[in-house]
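One structure is given here, and the rest of the page talks about it.
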Amino acid sequence: MYHSSFWPHEGVSTKGKRVAVIGTGSTGIQLAQETAKDASSVTVFQRTPNLCLPMRQRKLTVEEQTEAKKKYPELYRYRLTTFAGFPFDYVKTKTFEHSPEEREAFFEDLWQKGGFHFWLATYDDMLFDKKANDEAYNFWAKKTRERITDPKKREIMAPLKQPHCFGTKRPSLEQDFYEQMNKPHNHVIDINENPIVEVKEKGIVTKDGTLHEFDIIALATGFDSVTGGMKNMGLRDESGKLLSEKWAQGTWTYLGMTCAGYPNMFFLYGAQGPTAFSNGPTCVEVQGDWIVDAIAKCKKEGITYLNATQEAEDSWREKVTELSEKTLFPTTNSWYMGANIPGKPREQ
């Protein structure tokens, strides 16, 4: 049994083995997809279908790379202006401003481009308007269901009924996940219908009494994202109070980079910053520039103590909540909203 966050550095041999993967987040999708290439069977235990998007990963020629590098300065500038810091952005068009035929052609173009284009280069009302979101989901379901010939697996992995608003859980990127899981020797078990009740020496027992025998169990069961790492560091404020106590009932930061009571402390890619809604390198470059500017100002002006106020934190928290509530994200139980950790406050 292995947890994805403690995967052995030397790797795990799955050749000819019966593998169970518990979880369908990004790591679960990757584990299932890759182990299926040489395992005798892979069984995925799924709570929520992952609305995966095609990665379209391929090797680039030296000529392609050389040509692309000519555009790097322009590309680096452009990504700073986009919603998520990627070199593409939402179009300034609403979903229903296009005819059904135009919409189909637009969606197909995004789909063929691959990566996050279908999520973050689509109509600018997709994450805000439920009916617009339904159109995106329906296209996703149609394209994905075409790849799954097994009718039972198709209903579990790509149901016609939307399990949640598209894009409000992070879509994973896959190469051939659906083709691998569609193979007759691989299996998908919906644990909403047939939950896991016990792990025994030889495998996993489900509610229907079946013992599913495995050689390897991979736990892709998630993380206390964004806030968890900082709460576990033992950080204390000026009065000695732990950050884990301060954030026990919710998260307070200023600009997603500083905390009241923690003078001269900055952090990157953390709570209440763009973070998981953005391209990580773009995010940390922007934040890094701000922090360097702040430190340079302190050095220039002889400032030795820099501390956010509680009022600034309260105002930033209100702003984050206000922006979140305009979207469809709060409608979904996801780690974006802290919903994957029992007892964690539900918030953006």
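Read-outs: derived from the displayed coordinates by stated rules, not from any lab. All of these numbers come straight from a predicted model, not from anything done at the bench. Quick reminder, even Gly has a Cβ in these numbers, built from the backbone with ideal geometry, and neighbours come from all protein chains shown.
Taking only the Cα atoms of segment 228-337, the radius of gyration and Dmax are 14.8, 47 Å. Rg/Rh, computed from the Cα trace of segment 105-255 with Rh as the Kirkwood radius, has the value 1.07. Listing T327, T253, T66 from fewest to most neighbouring C-beta atoms within 10 Å gives T66, T327, T253. Over every Cα atom in segment 191-293, the radius of gyration and the widest Cα-Cα span, Dmax, amount to 20.5, 62 Å. In units of the rule-of-thumb radius 2.2 N^0.38 Å, segment 185-249 shows an alpha carbon radius of gyration of 1.81. Charged neighbours of T321, selected by a Cβ distance under 14 Å, balance to -2 (K, R count +1; D, E count -1).
When the inverse distances between all different Cα atoms of segment 54-182 are averaged and flipped, the Kirkwood radius reads 16.3 angstrom. For F177, the shell of other residues with beta-carbons less than 10 Å away shows a net charge of -3, using +1 for Lys and Arg and -1 for Asp and Glu.
Summarising the strand pairing of the chain, around 35 percent of its internal DSSP beta bridges are antiparallel. Remark on the chain: Rg and Dmax equal 22.6, 71 Å (Cα only). Based on C-alpha pairs under 8 angstrom that are at least 6 apart in sequence, the chain has a relative contact order of 21 percent. How tilted is helix 310-325 with respect to the longest principal axis of the chain? Cα atoms for both, answer in degrees (0 to 90, nearest 10). So the inclination is approximately 30 degrees.
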